[in-house]
Amino acid sequence: MTVIDQADLPKLVPARMRPRDVMRVGAVGLRTRPTRAFLSALGIAIGIAAMIGVVGISSSSGAELDRTLSALGTNLLTVSSGQTLLGEAAKMPVDAEAMIERIGPVESVSAAGRVGDAKVYRSEEVPEAQTGGITTYAARIDLLSTVGATVRSGTWLNEATERYPAVVLGSRAAERLGVGTAAPDTQVVVGGVRFTVVGILDPVPLATELDSAALTGWPVAAATLDFDGHPTTLYTRSDESKLASVRSVLAGTANPQAPNEVEVSRPSDALAAKQATSQAFTGLLLGVGAVALLVGGVGVANTMVISVLERRPEIGLRRSLGATRGQIRTQFLAESLLLSALGGAGGVLLGACVTIGYALYQGWPAVIPTWATIGGLAATLAIGALAGLYPAVRASRLSPTEALATP
């Protein structure tokens, strides 16, 4: 009888699973329970879609703002009359426009003067109290080009029409008055006098006060509407590189005797502040998306725990056939990662579609940051790993006899 030394026997080494085998084994649970897998992945997809959509729409809005400012220019400064020390409305000098023109870096300057008592109505039959919040301004001919406005219908004031009862309506003013197009037979009542609507403006992003304004020529306002000739707001375009220097001297130049009664602003800063507010709101929405993503992760964890309980016989059979605890852990962890990856990919696609669709609807450039896409996918994999870790460890700790004995 030959005695065999145990040291001479070949050492058994568990077979290693190749990545392809890990993927194939991990997909077993998804193929056998497609409805449950779909619903679990849907929770992840909703969270990722919310995050991608919020970031994408916010970025698209920012790109539109940049495009708007590039087209309109950021070198516009407005000089407006403020208040006196007694709290009364201040008045700028009549020659404030001419004085600002003397500043070297100033490229152009235009003015608008508020005609306080000239209310605007569609006809004489409209009750006096129903003004519609429309303000009448006397405007210079070069105001249109200085503020970067465009005419939607009709034409702008010229050297002929500024002397006659002709009016150009802002976009909101035209809407409130029910005026759709400018025409020779379209008239409104301004300060008790009938004016012909010769033009309607598009919205003016850098001078929003003009959207709800009725703009008449400077001479006709003085002759017909008792306009006192004092400008209310001056609009200046300056050399971009010297904008800060111009801004520092505008108040003193416009009203040397009382520079404290003059307010100087940069309209593009207001647009940037609006965008900053939008970014803060975006942060709130991202928090909501993160909560949705967390809920999706809980759904994945729940699915994996149930999967372990239901598949005990399968686990026991694999263990009895030689599968190690590490391979069992790898199988269920891979299944969780696949489930999360499917949800993440679907969420990125859905979020991109929402962003592109909304941007096209608004006429914006569609922008989806790369970091958001990569970060979304990375977040889903991290959640999948965390959600599948406990079920995977629990499955690996089942002994073959215990697992096979489960009915």
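Any residue at all in the range 312-320 that is open to solvent by 40 Å² or more (accessible area, probe 1.4 Å), at pLDDT below 80 and of a type in the set (S, T, Y)? Before the answer, list the steps.
Just the residues of the range 312-320 that are open to solvent by 40 Å² or more (accessible area, probe 1.4 Å), to begin with: 312-314, 317-320.
Next cut, at pLDDT below 80 only: 312-314, 317-320.
Filter again for of a type in the set (S, T, Y), leaving 320.
For the range 312-320, residues open to solvent by 40 Å² or more (accessible area, probe 1.4 Å), at pLDDT below 80 and of a type in the set (S, T, Y): present.
May I ask you to list the residues in the range 159-218 that are of a type in the set (V, I, T) and in a helix (DSSP H, G or I)?
T161, T208
Which of the residues that make up the range 132-158 are in contact with a helix residue (DSSP H, G or I) (Cβ under 9 Å, 6 or more places away or on another chain), part of a loop (DSSP other than H, G, I, E, B) and open to solvent by 30 Å² or more (accessible area, probe 1.4 Å)?
Across the range 132-158, the qualifying residues are G132, G133, R140, I141, T150, T155.
Answer yes if at least one residue in the range 69-80 is open to solvent by 80 Å² or more (accessible area, probe 1.4 Å), under 18 Å from R266 (Cβ atoms) and either among the small types (G, A, S) or without any contact (Cβ under 8 Å) to a residue 40 or more places away in the chain (or both), and no otherwise.
Yes, some residue in the range 69-80 is open to solvent by 80 Å² or more (accessible area, probe 1.4 Å), under 18 Å from R266 (Cβ atoms) and either among the small types (G, A, S) or without any contact (Cβ under 8 Å) to a residue 40 or more places away in the chain (or both).
Against the condition closer than 24 Å to T68 by Cα and open to solvent by 70 Å² or more (accessible area, probe 1.4 Å), how does T355 come out, does it pass?
no
Residue check: is G199 open to solvent by less than 20 Å² (accessible area, probe 1.4 Å), touching an Asp or Glu at 6+ places or on another chain (Cβ under 7 Å) and modelled with pLDDT of 95 or more?
No, not satisfied.
Quickly run through the range 107-131 and pick out the residues that are over 27 Å from D185 (Cα atoms), surrounded by 15 or more Cβ atoms within 10 Å (Cβ to Cβ) and hydroxyl-bearing (S, T, Y).
S110
Given the structure, is R318 without any contact (Cβ under 8 Å) to a residue 24 or more places away in the chain and of a type in the set (K, R)?
Spelling it out, R318 is indeed without any contact (Cβ under 8 Å) to a residue 24 or more places away in the chain and of a type in the set (K, R).
With the condition kept exactly as written, say whether any residue in the range 219-227 is charged (D, E, K, R), assigned to a loop (DSSP other than H, G, I, E, B) and at pLDDT below 85.
There is no residue in the range 219-227 that is charged (D, E, K, R), assigned to a loop (DSSP other than H, G, I, E, B) and at pLDDT below 85.
Which ones in the range 321-334 are open to solvent by 60 Å² or more (accessible area, probe 1.4 Å) and in a helix (DSSP H, G or I)?
R325, R329, listed by residue number.
Check the range 88-106 and report whether any residue there is in contact with a Phe, Trp or Tyr (Cβ under 8 Å, 6 or more places away or on another chain), open to solvent by 30 Å² or more (accessible area, probe 1.4 Å) and in contact (Cβ under 8 Å) with a residue 40 or more places away in the chain.
No: the range 88-106 contains no residue that is in contact with a Phe, Trp or Tyr (Cβ under 8 Å, 6 or more places away or on another chain), open to solvent by 30 Å² or more (accessible area, probe 1.4 Å) and in contact (Cβ under 8 Å) with a residue 40 or more places away in the chain.
Which ones in the range 3-33 are open to solvent by 80 Å² or more (accessible area, probe 1.4 Å) and at pLDDT 70 or above?
Selection gives R18, P19, R20, M23, R24, R31, T32.
Quick check on this structure: which one of P205, P219 is open to solvent by 30 Å² or more (accessible area, probe 1.4 Å), more than 30 Å from E64 (Cβ to Cβ) and of a type outside the set (S, T, Y)?
Among P205, P219, only P219 is open to solvent by 30 Å² or more (accessible area, probe 1.4 Å), more than 30 Å from E64 (Cβ to Cβ) and of a type outside the set (S, T, Y).
The values are calculated or read from the model by the stated rules, or taken from the named source; none is laboratory data. Every value quoted in this text rests on a predicted model; they were computed, and no experiment measured them. Glycine gets a Cβ as well: all are built from the backbone with ideal geometry, and neighbour counts include every protein chain shown. With ligands, DNA and RNA removed, areas are computed over all heavy atoms of the protein, side chains included. Shrake-Rupley method; radii C 1.70, N 1.55, O 1.52, S 1.80 Å.
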